[in-house]
Amino acid sequence: MRGFTLRCVEPRDLRLRLSALVGFEAPRYPAPAPSVIDERRRDGYTEQLVSYQSGDESVPALLLIPGQPCGAGIVVHHQHHSQWHLGKSEVAGLQGDRWQAFGPPLARLGAIVLAPDAIGFEDRRRGGHGTDARPSDPGDYFTTMCHQLIRGRPLMGTVLTDAATAHSALAARPEVDPDRVGALGHSMGGASALFHAALDTRVRFAVVSGAACTYRRRMERGTGIEATQVVPGILELCDLDDIAGLVAPRPLLLCSATEDKYSHDAPAIADAAAAVYRSAAAPEALSHARFEGAHGLTEERFSVIVDWLASRLGA
């Protein structure tokens, strides 16, 4: 059970096999415009509370629209942190950790930012809307995963369908160049960004923070695996180092930390991906920023991520 057993497989074939395993297919239809529920003027951008349909799910999200759009769009996936009551609101800087609030600075750089709630978080919890922590949150989230699995679909399939729909919604906006839409996330959100960028070539650039640890290393060290990343049979096909290589030749920034168990073998993942990027004649498109410290984001890492994205946005 080792990802390298299939490294001779062509990227397109691996992408197709992995997409089938998780139950993902990129949308083939024009994205409907999200419904605007509320709107507020912020410093340098407009914040809209929106909702749109993704498969059988209605997805609430916050859309940040800059005063002077630069033509780029970014889907920002929120973290887990065992805070099921926080999702889009943390990305938008309304609640939670300020170093998770990527939405405002990116909007002020000119990017249109879409921050959706992941399934089971904030307004997509089984108990209904709100940002109040509830005792039922952990059990409700576990139940959501179980219900998905007995239908034959890992939770990752829904996460990726949601990510692709969010991407489509941004790409369809008149102010956005479809070839300038990317993805960003930390921790659980980083895994969502990585899998989506790997399987959906419409994602033109990606930032993956705190989410570079192979399945095999997690199993060796007894490290937990978040529900969205529980994909039955995945190790018979590939591992995170193979998946990271599927992003090539598109720009990818991996951020990791030395004491972060969820980034434990990030250097090995970066090395494996670098070989693929070299084969694709795009070695400069891959970056790995390794920091001292633990899992949580810091001001330093936040700044490195925003600066890297600014260079992609032409800011």
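The values are calculated or read from the model by the stated rules, or taken from the named source; none is laboratory data. Predicted model, so just to flag it, every value in this text is computed and none were measured. FYI the Cβ positions are ideal-geometry reconstructions off the backbone, even for glycines, and counts take in every protein chain you see. These area figures cover heavy atoms from the full protein model, side chains too; ligands, DNA and RNA do not enter into them. Shrake-Rupley method; radii C 1.70, N 1.55, O 1.52, S 1.80 Å.
The table below lists the values:
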| read-out | value |
| --- | --- |
| Flag if Leu64 is open to solvent by 10 Å² or more (accessible area, probe 1.4 Å), of a type in the set (A, V, I, L, M) and over 22 Å from Pro27 (Cβ atoms) | no |
| Residue check, Asp177 acidic (Asp, Glu), in contact with a Phe, Trp or Tyr (Cβ under 9 Å, 6 or more places away or on another chain) and surrounded by fewer than 24 Cβ atoms within 10 Å (Cβ to Cβ) | no |
| Residue ID - nearest to Gln79 (Cα to Cα), chosen from residues in region 226-244 that are of a type outside the set (Asp, Glu) and over 16 Å from the mean Cα position of the chain (by Cα) | Val231 |
| So Arg290, is it open to solvent by 20 Å² or more (accessible area, probe 1.4 Å), in contact (Cβ under 8 Å) with a residue 40 or more places away in the chain and touching a strand residue (DSSP E or B) at 6+ places or on another chain (Cβ under 9 Å) | no |
| Scope region 31-56; condition closer than 27 Å to Gln148 by Cβ and either of a type in the set (Gly, Ala, Ser) or open to solvent by 30 Å² or more (accessible area, probe 1.4 Å) (or both); matching residues | Ala31, Pro32, Pro34, Ser35, Ile37, Leu49, Ser51, Gln53, Ser54, Gly55, Asp56 |
| Restricting region 147-174 to residues that are farther than 17 Å from Arg202 by Cβ and charged (D, E, K, R), the residue that is surrounded by the most Cβ atoms within 10 Å (Cβ to Cβ) | Arg153 |
| Region 78-99, residues that are open to solvent by less than 60 Å² (accessible area, probe 1.4 Å), out of contact with any His (no Cβ under 6 Å at 6 or more places or on another chain) and assigned to a loop (DSSP other than H, G, I, E, B) | His78, His80, Gln83, Trp84, His85, Leu86, Ala92, Gly93, Gly96, Asp97 |
| Some residue of region 229-241 being buried (at least 17 other Cβ atoms within 10 Å of the Cβ) and free of Cβ contacts under 8 Å to residues at least 60 places away in the same chain | no |
| Among (1) at pLDDT below 95; (2) of a type in the set (D, E, K, R); (3) not in a helix (DSSP H, G or I) - the single one Arg312 does not satisfy | (3) |
| Candidates Ala244, Ala282, filtered to the one that is of a type in the set (Gly, Ala, Ser), within 16 Å of Phe205 (Cβ to Cβ) and crowded, with 24+ Cβ neighbours inside 10 Å | Ala244 |
| Selection from region 27-76 of residues that are among the small types (Gly, Ala, Ser) and part of a strand (DSSP E or B) | Ser35, Ser51, Ser54, Ser58, Ala61, Gly73 |
| Which numbered condition Ile112 misses (of (1) farther than 30 Å from Thr143 by Cα; (2) modelled with pLDDT under 95) | (2) |
| Matching residues, region 267-279, being of a type outside the set (A, V, I, L, M) and open to solvent by 20 Å² or more (accessible area, probe 1.4 Å) | Pro267, Asp271, Arg278, Ser279 |
| Failed item in (1) more than 27 Å from Glu292 (Cα to Cα); (2) touching a strand residue (DSSP E or B) at 6+ places or on another chain (Cβ under 8 Å), with Ser209 passing the rest | (1) |
| Enumeration of residues in region 108-130 that are part of a helix (DSSP H, G or I) and surrounded by fewer than 21 Cβ atoms within 10 Å (Cβ to Cβ) | Arg108, Asp123 |
| Residues being among the aromatic types (Phe, Trp, Tyr) and either within 21 Å of Ala274 (Cα to Cα) or out of contact with any helix residue (DSSP H, G or I) (no Cβ under 6 Å at 6 or more places or on another chain) (or both) - total across region 284-310 | 2 |
| Long-range neighbours under 6 Å by Cβ, at least six apart or interchain, first residue in a strand (DSSP E or B) within region 165-193, second hydroxyl-bearing (Ser, Thr, Tyr) | Gly185/Ser192; His186/Ser209 |
| Flag if Ala212 is touching a Cys at 6+ places or on another chain (Cβ under 9 Å) and either surrounded by fewer than 23 Cβ atoms within 10 Å (Cβ to Cβ) or assigned to a loop (DSSP other than H, G, I, E, B) (or both) | yes |
| Odd one out for Ala133, checked against (1) hydrophobic (A, V, I, L, M, F, W, C); (2) over 19 Å from His77 (Cα atoms); (3) assigned to a helix (DSSP H, G or I) | (3) |
